[in-house]
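Only one structure is covered here, and it is reproduced in the block below.
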Amino acid sequence: MPTLTGGYNLAVEVIASRLGLVHVLDTVVGDDLLRGVSGGQRRRVTLGEMLMGHPRVIVGDELSTGLDASTTHSIVQQLASWSVTASATTIISLLQPAPEVCALFDDVMLQARGEIYYYGPSSRVFQHFTALQYARPVYKDPADFLLDLSSRNGQKYLADSATCQHKSLAELVTAYRDSEIYKHQLRDLNKPCQGSGGNLLLQSPPYALAWGQAFQAALKREVLLTKLAPANYFSRFIECLMTGLTMGTVFFQLSSNDTSTQGSRLGCFMFATISCGTGQMSNIVAIVSKKQVFFKQRNAGFMPPSAFCLVQTVMQLPISFVAEAGILWAEVYFLTGCAVSSHGLHFCVAWALLGLFSLAFSEVVRAFSYLAPKAPVASLMGGIFILCNMVTSGFMITADKIPPFWIWLYWGLPSAWTMRALAINEYSATIYDEMVTIDGSGATQRQGDYFLEMYQFRTEEYWIWATFAVLLAWLCAALGVSRWALTVCEAVESFASSGNEDEAPLTKAEEVMVELPAESSQGASSPLDIPPVTISFLEIDYFVTIGKKANNQEMQLLSKVSGFFCPGTMTALMGSSGAGKTTLMDVLASRKTGGRIEGIMKINGFHKDEATFPRMIGYVEQTSIHNGRSTLHEALMFSAQLRTDPGIPDKAKAQRVRVILEMLEMTSLADAVVATMSAEQLKRLTMGVELAADPSVLFLDEPTSGLDSRAANVCTSVMTRIARSGRTIVCTIHQPSSEIFFHFDSLLLLRKGGETVFFGKLGAECSALTQYLRNLPGGVDHLSEGMNPAVWMLDVISTYHARDIAVEYTSSELCAENLASAVKHMDTKLIEMDFASPFATSLSHQMYHMIVRAMVDYWRSPDYNLTRLVFCLGSGLAFGSLWKGAGENCETVSDVLTAMGGLFMSIFFPGIVFLVLVVPVFVHDRAVFYREKASHTYIPYAFSMSMFVAELPYILLSDAFFSLAFYPLFAGSSLTLQKFLSFYLMWGLFILTIVIYGQTVAVFKPTAQVASKSGMFAFIMWGLFGGFFHPGPELLDVFLIFHYVNPTRWTLNGLVSMHFASSGDRITDPANPYGAETSADSYIDERYGFNYESFWPGVYVMLCLLLSFLVASAFGLTRVNHLSR
């Protein structure tokens, strides 16, 4: 975020101040992997973003999630004030609202299972239900009471259970519709609008700003985002610099008179256009992600789609015209010895051509990204487009050899026009004016025209200007499609509910009487006996580095925090937003990946062993990160299988999982796929995954955030029963209701700055806490009857100014007692939690269950695997029809080059598509891996090997699809079983190597976008040094290592040498520099260095490369962690 000073108007200052965001205006928002503002602050950022438009209607969905009660009250109070001053209508859905928050609303609507059982003034809601013979207990929060009435829990609120009967939901709905409140609402709804305000919304423009202003604002934001995250933007500049330098030195100073070098020159042109096209593919993941943000802003009237599209195009201009057409092309143009006119006209024309081609191509890729629902589909669409452009550009296969039913691609796609224009621009220079003899008759022709006609290019210069028109047409068409897609398409939900979980009556939390495994009579050696654990810590400090590391500036987030957590108890970590609750939990649970920690922490009186400590704990994260393709039962069984003693029978583990499902009231969802679950269901799943590991200590980070009051009560009741089984429960929690708060035994209360305000037992109905706060010098506000103590205490610590409340605690007798108890726990040696290994199971056990899960995941990923299979079949048939019969009867150099072009494209382009597809899939699974790695679920090597094994069957199937579709058509009458099997072997081995390489790159790079860019750069370099665009024997010695340590080179060697080894084709071509009549295999060996003797050594090299990528991936998963905590 930018700073507050400068060009910000008063509205921004006021809203940021009201939402409590002024102190984080310089902090990035962040995401699941990047540390940024807290969850509560992110919620307020979203609210502030919407309020900036001065809306007349405000709809807030669960605004209180992740916020403490005091902050929620402040925000709702501000919205109430906004509604009055701006004459706005505010509709808010809330989960577990405090009584003070409920009192701010004018009307309340109660819903259950799609039915409204009350909608009317909040002042009359209790009167309505009192008439139905219900009475609210004093301790019960109003919202919890009203919601419980629609469930079985409502029976306990009957005024007289002996004479009254609890009403079902249908009866509550009927009673409401028979009430005077409902009839009054109907009269108001049917009343016509009065005054001019009735048509205000209809008369308002769809966007607050005019088109020009919206464009200017969007452009400023994009420039700002680029400044804040320049790595993604300028990495393309560096990539173009390296690519251009490499290409320029590989094709250094090609002769302008030698006929044999003109193929290399055109290959250089072709490679330059490929680099521009494939460079856009790596942006697809980022474009799709940005599209989801735009949909939210479009629906809120931020900007029209046309302004957004044009801004993205403008931001692409430096990439296209400076990086790609400027840096890359300038290096290629001058280093390779292209024509240099006195006024630089030829270079300027080529620069403009390549820049416009890059801009048009990038817009086409964006259009595909906007049209496609997900990144893999967009990658497939973009891949097919690049494929068609490459194969019909006029270089891989000349225009006269393109089948008639494909020739329309040659005349319609931008790459063929660009290649033709670049060739005409080069060969129309004066250095190619020399007349040459073209045949034995003595006829002569201009040398430049002769070179153009060799590749079936036109010679007239007006084709250059026609190319500019075609490229502009493609750019405008792509912009139009992008605008249309962003106008009519909608955002793709990250998950959808598997159905209304309230459709059937659910058992209430108090009635779920599930017995936990009893203590075994066999003692501590029993696999189901959970040893008790006491955690004690003394003067914990935590510091993080801010700004540039060179400045060595640190911010202290925790200050001298001391305490202890005992078995059989539940301790709440509470405080206002940003007080350091989650930070303290992460420090105690050894989940921090950065920062500096000071202090002492012991487990049962012994120093904490960081290597084995995760085995005894469970950590329920605030963000639910799971394998979305597993079912609920599979997720729990996976945790039980890998995180509990392997000596426990599988039947016992399965029984344990059933117990957990019943405890969480999720038995009916056991077979539901995780990706289809609602946020509330995912919360309970996260808890269940940790419970399946039978931990001695359970850390929970805001387990009730995002849940309604009933679901929160279920989770709290589950935690209570877990604690009563002898486990230690530590939980951060926001705005708990009185009923939930009374479940906790102890409280550690923090204020901003990470300082302790209170630590100790709560007492019956929080009597110890209230007594301590009431005794503070200067006095505090009285806790009124029925008021939630959790809300009251937060109000006290935020409004108490008589003295420093943290100093009051450190100087109190309570603090002295707590320190003495903490030291006593540290000095008391109990059961030593000694584990022989950081992992509960052996590597073989881990490998088995990891592979089974990975195989099931891949089977349930049709958008990934089915996409690849369809692509292989489709591209194989397309290539086969383009190069039909190209592998038979090769009698000229041109025939051989065409056949080699077909074999090269058969591996190069599928490799690009497989690389682009695998990176985002692996990065998604990597997030799950980080959670499981932190829990010591398995060795990182098991994860990398399971991904490898899961890929194998689909690679083999893709190999079969492509080989059967392409090679018989390509080989024609020269097809033999040996040739086909050799093609199948080399193609499959190449694709498998590329896929594992893509996974390896994804391990070391922080995001899918950066990984795609890095992986694509190396892959393009492999294509450059593979021996097709420039023969290996003609490479400089410095580049030979890139030629020989290159999967493209060895795969192409195997494919080409095997195909021509026994073909018997002989070249009878005067242009053959190795003799008028030479066998095709000899020509390929002499010219390109490809020979059949290197076939099996090439296979061994490919296997070595594959193994090296696997080892690098496993090493990276062990050492590299992009999760910032």
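Consider S668 carefully, then state whether it is open to solvent by 10 Å² or more (accessible area, probe 1.4 Å), part of a helix (DSSP H, G or I) and modelled with pLDDT of 90 or more. The answer is yes for S668.
Please determine whether any residue of segment 905-913 is in a helix (DSSP H, G or I), open to solvent by less than 10 Å² (accessible area, probe 1.4 Å), farther than 30 Å from P1006 by Cα and touching a Cys at 6+ places or on another chain (Cβ under 6 Å). Taking every residue of segment 905-913 in turn, none turns out to be in a helix (DSSP H, G or I), open to solvent by less than 10 Å² (accessible area, probe 1.4 Å), farther than 30 Å from P1006 by Cα and touching a Cys at 6+ places or on another chain (Cβ under 6 Å).
Checking each residue in segment 461-502 for being modelled with pLDDT of 90 or more and more than 30 Å from P304 (Cβ to Cβ) picks out Y462, W463, I464, W465, A466, T467. For segment 877-888, the criterion of being surrounded by 17 or more Cβ atoms within 10 Å (Cβ to Cβ), in contact with a helix residue (DSSP H, G or I) (Cβ under 8 Å, 6 or more places away or on another chain) and of a type in the set (F, W, Y) is met by at least one residue. Considered as a group, the residues in segment 1005-1049 that are of a type in the set (V, I, T) and in a loop (DSSP other than H, G, I, E, B) include one that is surrounded by the most Cβ atoms within 10 Å (Cβ to Cβ), and that residue is T1007. Of everything in segment 809-842, what is more than 30 Å from V757 (Cβ to Cβ) and small (G, A, S)? Give them in sequence order. Those that are more than 30 Å from V757 (Cβ to Cβ) and small (G, A, S): A836, S837, A840, S842.
Of the set (1) part of a strand (DSSP E or B); (2) open to solvent by less than 10 Å² (accessible area, probe 1.4 Å); (3) farther than 18 Å from M826 by Cα, all apply to L584 but (1).
Table: residues versus (1) closer than 21 Å to L558 by Cα; (2) surrounded by 17 or more Cβ atoms within 10 Å (Cβ to Cβ).
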{"residue": "G779", "(1), (2)": "no, no"}
{"residue": "G786", "(1), (2)": "no, no"}
{"residue": "A790", "(1), (2)": "no, yes"}
{"residue": "I805", "(1), (2)": "yes, yes"}
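Whether a residue is under 23 Å from the mean Cα position of the chain (by Cα) and open to solvent by 10 Å² or more (accessible area, probe 1.4 Å) was assessed, and A231 passes this test.
Applying a threshold of 7 Å to beta carbon distances and a minimum spacing of six or more residues, or different chains, the list of pairs starting in segment 968-987 at a residue that is at negative phi and open to solvent by 10 Å² or more (accessible area, probe 1.4 Å) and ending at one that is part of a helix (DSSP H, G or I) and among the polar types (S, T, N, Q) reads L969/S881; F980/S963; Y984/S963. Restrict the check to segment 810-818 and report whether at least one residue is touching a Leu at 6+ places or on another chain (Cβ under 9 Å) and open to solvent by less than 20 Å² (accessible area, probe 1.4 Å). No, segment 810-818 has no match at all.
For L700, are the conditions met, namely being under 23 Å from the mean Cα position of the chain (by Cα) and outside any loop (DSSP other than H, G, I, E, B)? The answer is no for L700. Annotation: of all residues in segment 330-359 being free of Cβ contacts under 8 Å to residues at least 40 places away in the same chain and not in a loop (DSSP other than H, G, I, E, B), the one that is farthest from T430 (Cα to Cα) is G355.
Every residue, every condition in (1) in a helix (DSSP H, G or I); (2) closer than 17 Å to S179 by Cα; (3) of a type in the set (F, W, Y), yes or no:
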| site | (1), (2), (3) |
| --- | --- |
| S81 | yes, no, no |
| V84 | yes, no, no |
| T90 | no, no, no |
| V108 | no, yes, no |
| F126 | yes, yes, yes |
| R136 | no, no, no |
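Considering A675, A652, A611, A679, the condition of being in contact with a Pro (Cβ under 7 Å, 6 or more places away or on another chain) and either open to solvent by 20 Å² or more (accessible area, probe 1.4 Å) or not hydrophobic (A, V, I, L, M, F, W, C) (or both) is satisfied by A611 alone.
Only residues that are in a loop (DSSP other than H, G, I, E, B) and of a type in the set (G, A, S) were counted across segment 863-902, and they come to 3.
Every residue, every condition in (1) touching a Lys or Arg at 6+ places or on another chain (Cβ under 9 Å); (2) at pLDDT 75 or above; (3) assigned to a loop (DSSP other than H, G, I, E, B); (4) loosely packed, with under 14 Cβ neighbours inside 10 Å, yes or no:
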{"position": "L4", "(1), (2), (3), (4)": "no, no, yes, no"}
{"position": "G20", "(1), (2), (3), (4)": "yes, no, yes, no"}
{"position": "D26", "(1), (2), (3), (4)": "no, no, yes, yes"}
{"position": "V37", "(1), (2), (3), (4)": "yes, no, yes, no"}
{"position": "Q41", "(1), (2), (3), (4)": "no, no, no, no"}
{"position": "V45", "(1), (2), (3), (4)": "no, yes, no, no"}
{"position": "I58", "(1), (2), (3), (4)": "no, yes, no, no"}
{"position": "G66", "(1), (2), (3), (4)": "yes, no, yes, no"}
{"position": "H73", "(1), (2), (3), (4)": "no, yes, no, no"}
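For segment 152-169, residues that are assigned to a helix (DSSP H, G or I), open to solvent by 70 Å² or more (accessible area, probe 1.4 Å) and either farther than 18 Å from S709 by Cα or touching a residue at least 12 places away in the same chain (Cβ under 8 Å) (or both) total 1.
Taking the criterion of being assigned to a loop (DSSP other than H, G, I, E, B) and crowded, with 22+ Cβ neighbours inside 10 Å, the residues of segment 240-282 that qualify are F251, S282.
Open to solvent by less than 20 Å² (accessible area, probe 1.4 Å), at pLDDT below 90 and closer than 25 Å to P736 by Cα - does that describe any residue in segment 103-123? Yes. Count, please, the residues in segment 124-151 that happen to be open to solvent by 70 Å² or more (accessible area, probe 1.4 Å), touching a helix residue (DSSP H, G or I) at 6+ places or on another chain (Cβ under 8 Å) and more than 25 Å from L189 (Cα to Cα). Total meeting the criteria: 2. When segment 1093-1115 is filtered for residues that are among the β-branched types (V, I, T) and buried (at least 19 other Cβ atoms within 10 Å of the Cβ), only V1101 remains.
Contact annotation: residue pairs with Cβ atoms under 9 Å, 6 or more positions apart or on different chains, pairing a residue in segment 764-783 that is under 18 Å from S811 (Cβ atoms) and of a type in the set (F, W, Y) with a partner that is at pLDDT 85 or above and open to solvent by 30 Å² or more (accessible area, probe 1.4 Å), are Y772/L814.
The values are calculated or read from the model by the stated rules, or taken from the named source; none is laboratory data. Just so we're clear, the structure is a prediction, and the values are computed from it rather than from any experiment. Counting neighbours? That spans all protein chains shown, and the Cβs are built from the backbone with ideal geometry, glycine included. Side chains are part of the model used for accessible areas, which takes the heavy atoms of the whole protein and leaves out ligands, DNA and RNA. Shrake-Rupley method; radii C 1.70, N 1.55, O 1.52, S 1.80 Å.
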